[in-house]
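Here the structure is laid out as C-alpha cells; the discussion comes afterwards.
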Amino acid sequence: MRDILEKDKNLKHLIFDTTGVGYFEAGKKVPEIADLNLALSKGRAGNVKVTALKEVELPKAEAVYEVAISGLG
C-alpha cells in the first residue's frame, strides 16, 4: 500500500504506524481521499480504502526507522 501511495508526488515521507494509520508531509497540495482511493484501486490494493484524512500536529522525531519483517503469512 505504501508503494502505491508514494507514487503521488504530493505525499512526502509517508509512513504507517502499527495500527495502520499513515502520516505524511503534503507537497504542493493535499490530495483528496477520492484520489488516494483511486490510486489504491488502480494499484490493486484489494479492499484497502482511505477513510479519513486530517491535519495533525506531531512532535519532531529524533530519528525515523523502518523495519522489514518476513514470515508473517
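The values are calculated or read from the model by the stated rules, or taken from the named source; none is laboratory data. Because the structure is predicted, anything quoted here is derived from the model rather than measured. Because the Cβ atoms are built from the backbone with ideal geometry, glycine has one as well, and the counts that use them run over all protein chains shown. Heavy atoms of the whole protein, side chains included, go into the accessibility calculation; ligands, DNA and RNA do not. Shrake-Rupley method; radii C 1.70, N 1.55, O 1.52, S 1.80 Å.
Structure data summary
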quantity	calculated
Restricting segment 1-27 to residues that are over 19 Å from GLU57 (Cα atoms) and touching a Leu at 6+ places or on another chain (Cβ under 8 Å), the residue that is least open to solvent (accessible area, probe 1.4 Å)	LEU5
Cross-chain or 6+ apart pairs with Cβ under 7 Å, segment 10-27 first and among the aliphatic types (A, V, I, L, M), then assigned to a strand (DSSP E or B)	LEU11/PHE24; LEU14/GLY22; LEU14/PHE24; ILE15/GLY22; ILE15/TYR23
Considering residues of segment 28-39 that are in contact with a Leu (Cβ under 7 Å, 6 or more places away or on another chain) and touching a residue at least 24 places away in the same chain (Cβ under 8 Å) only, the residue nearest to GLU57 (Cα to Cα)	LEU36
Within segment 28-46, tally of residues that are at pLDDT 80 or above and in a loop (DSSP other than H, G, I, E, B)	7
